[in-house]
Amino acid sequence: MTTFQNFIGGVWTAPSTGTYFENRNPADQRDLIGRFPASGAADIDAAVTSAQRGFDRWKRTPAPARGDVLRRVGDLMAARKEEIANLMTREMGKPLTETRGDVQEGIDTAYYAATEGRRLFGHTVPSELANKWAMSMRRPIGVCGLVTPFNFPMAIPTWKAFPALLCGNAVILKPAEDVPHTATVLVEILLEAGLPPEVIQLVHGMGEVVGKALVEHPQVPVISFTGSTETGRFVGETCGRLHKRLSLEMGGKNAQIVLDDADLDLAIDGVLWGAFGTTGQRCTATSRLILQRGIHDTVVERLVARAEALVLGDGRVAGHDVGPLVNEAAREKVERYVEIGRAQGATLRCGGQRATGGALDHGFFFQPTIFTNVTAGSRLEQEEIFGPVLSVIQVDSVEEAFAVNNGVRYGLSSSVYTSNVNVAFRALQELDNGITYVNAPTIGAEAHLPFGGVKETGNGHREGGWEVYEFYSETKVGYVDYSGALQRAQIDNY
Ligand code: UN1
């Protein structure tokens, strides 16, 4: 059995605790991937000390040269795409087609970051005084603590780490304990591409121990967290108290709206992919389907038939559509929500149970589940489940559809299927989400556009695209007065 280590101080190193946890395949619990460090707070201390040394050197490296490292990272990821997708599916379960996409999102993020090394734009603007120069520029901040989830084991760490590094910061990565192997490979690739070793630190372990120590560490001025809204609240309180810069990416209760005038084939393909892709374990997953009355019964009937035909199994085997949930706690949470749905009077149309029999008995499989007659405002309709459970809500009008979409505390993504261009543009304007798709599912964000949500999904920052570079850098303004005299702004010129 392989024992993996942390990467701290420029070397692969054992945890201060001397203890390790096991990482097993969620599709087959008999398959042990390896042992990973169950690190302690002392490992975070060591990582911070080293990262500060790394930062001191890296911040002086020109941004285009930092970009060159990230371009090589993209090349290395592309060369190893198939191998990485395989190990990702083995440790988190989603089918190979999806883990390939996950690696590709990392490659896209690397190449985007590489080009940003030649931009990192500031502004030059006229001064209100003669013979005076006024401009802004971007500066690195310091050591960034990145706490990442299991569902996109490669893409999400790259969304955070690559822009942080491009901006000249040092990074401490604390990956989810369900997917430590992917994070290990990512760090190997960064080093192979030429990143100076102390610029990146990898600390494995439990969120309550090392995630907490990282968030609370006074010498880590930047925290980026993707995970549950509940944990995000703790992270936010801590960072607020310590005056840290914080980006939060949290829960979702994303809806696909299908109106009477929609292309139903397209809408049904979309909801199947949005609701049951990644076994429903995406922040952007479709967990609500809002159907206008005229097409409600037809869509439900056809959708249930399609959901029942989905093939569950090991994601590395061709022909399997849906993989397992990531662990037993996730499966128990889904079961609890099935009970809540039943108790609140929703109608279970398919699924609702663990998927068992044969090889499925060894993994955390759960049947794709659809409830109809779900009432807006009920717990099933309001709370994030993070599993293969879709709630169908019937509405009479566009206005009611929009109100139901907006009637939750989350606001990540939404989708509307319609052939009416006016309604499509109204949806872009009126749906309270960070991302709205027209005639496409709630999932599928691209790496070069800002990603994030409103309300309790986020705290106003975005990942991806150009906006994330502002999060990972500090604005510095420079004034150069070459008049040779004292010029008093707001006084001498008025
Ligand atoms: C997530 O759901 O946690 O838009 C990230 C998507 C992916 C990223 C999802 N590109 O579904």
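Whenever a residue of region 276-288 is in a strand (DSSP E or B), its partners that are more than 10 Å from the ligand (Cβ to nearest atom), lying with C-beta atoms within less than 6 angstrom and at least six residues away or across chains, give the pairs THR286/GLN256; THR286/VAL271; THR286/ALA275; SER287/LYS253; ARG288/ALA255; ARG288/SER391. Residue count for region 461-483 under the criterion of being away from the ligand (no atom under 16 Å from the Cβ) and open to solvent by 50 Å² or more (accessible area, probe 1.4 Å): the result is 10. Residues in region 119-133 that are out of contact with any helix residue (DSSP H, G or I) (no Cβ under 7 Å at 6 or more places or on another chain), among the hydrophobic types (A, V, I, L, M, F, W, C) and farther than 17 Å from TYR494 by Cβ: PHE121, VAL125, TRP133. Every residue in region 60-108 that is open to solvent by 10 Å² or more (accessible area, probe 1.4 Å) and within 14 Å of the ligand (Cβ to nearest atom), please. Once the filter is applied, which keeps residues that are open to solvent by 10 Å² or more (accessible area, probe 1.4 Å) and within 14 Å of the ligand (Cβ to nearest atom), region 60-108 yields THR97, GLU98, ARG100, GLY101, GLN104, GLU105, ASP108. Evaluating VAL147 against the criteria (1) buried (at least 21 other Cβ atoms within 10 Å of the Cβ); (2) among the hydrophobic types (A, V, I, L, M, F, W, C); (3) within 17 Å of MET77 (Cα to Cα) leaves one unmet condition, (3). Only residues that are within 22 Å of LEU272 (Cα to Cα), within 11 Å of the ligand (Cβ to nearest atom) and among the aliphatic types (A, V, I, L, M) were counted in region 424-460, giving 4. Whether any residue in region 283-290 is crowded, with 16+ Cβ neighbours inside 10 Å, under 19 Å from VAL423 (Cβ atoms) and more than 16 Å from the ligand (Cβ to nearest atom) is what I want to check. Yes: one or more hits.
Against the list (1) in a helix (DSSP H, G or I); (2) within 30 Å of GLY9 (Cα to Cα); (3) within 14 Å of the ligand (Cβ to nearest atom), the condition LEU165 fails is (3).
From the list ALA113, ALA41, the lone residue that is within 17 Å of LEU191 (Cα to Cα) and more than 16 Å from the ligand (Cβ to nearest atom) is ALA113.
In this structure, VAL311 does not qualify as aliphatic (A, V, I, L, M), outside the structural domain of GLU384 (by TED's automatic domain parsing) and away from the ligand (no atom under 16 Å from the Cβ). For region 244-272, residues that are out of contact with any Phe, Trp or Tyr (no Cβ under 6 Å at 6 or more places or on another chain), open to solvent by less than 10 Å² (accessible area, probe 1.4 Å) and closer than 29 Å to ALA305 by Cα total 8.
Sub-7 Å Cβ pairs linking a first residue in region 477-494 that is among the aliphatic types (A, V, I, L, M) to a second residue that is open to solvent by 100 Å² or more (accessible area, probe 1.4 Å), at least 6 apart or interchain, are VAL480/TRP133, ordered by first then second residue.
For ASP321, the requirement of being acidic (Asp, Glu), in contact (Cβ under 8 Å) with a residue 12 or more places away in the chain, more than 16 Å from the ligand (Cβ to nearest atom) and farther than 27 Å from GLY232 by Cα is met.
When each of ILE385, ILE393 is tested for being over 19 Å from GLY444 (Cα atoms) and within 16 Å of the ligand (Cβ to nearest atom), the lone residue that passes is ILE385. The residue pairs whose first member lies in region 88-108 and is small (Gly, Ala, Ser), whose second member is buried (at least 22 other Cβ atoms within 10 Å of the Cβ) and in a helix (DSSP H, G or I), and whose beta carbons are closer than 6 Å, counting only pairs six or more residues apart or on different chains, are GLY106/MET77; GLY106/ALA155; GLY106/THR158.
In this structure, PHE152 qualifies as modelled with pLDDT of 95 or more, outside any strand (DSSP E or B) and open to solvent by 10 Å² or more (accessible area, probe 1.4 Å).
The values are calculated or read from the model by the stated rules, or taken from the named source; none is laboratory data. Computed from a predicted structure; not experimentally measured. Here Cβ is always computed from backbone atoms with ideal geometry, including for glycine, and neighbour counts include all displayed protein chains. The accessibility values were calculated without ligands, DNA or RNA, using every heavy atom of the protein model including side chains. Shrake-Rupley method; radii C 1.70, N 1.55, O 1.52, S 1.80 Å.
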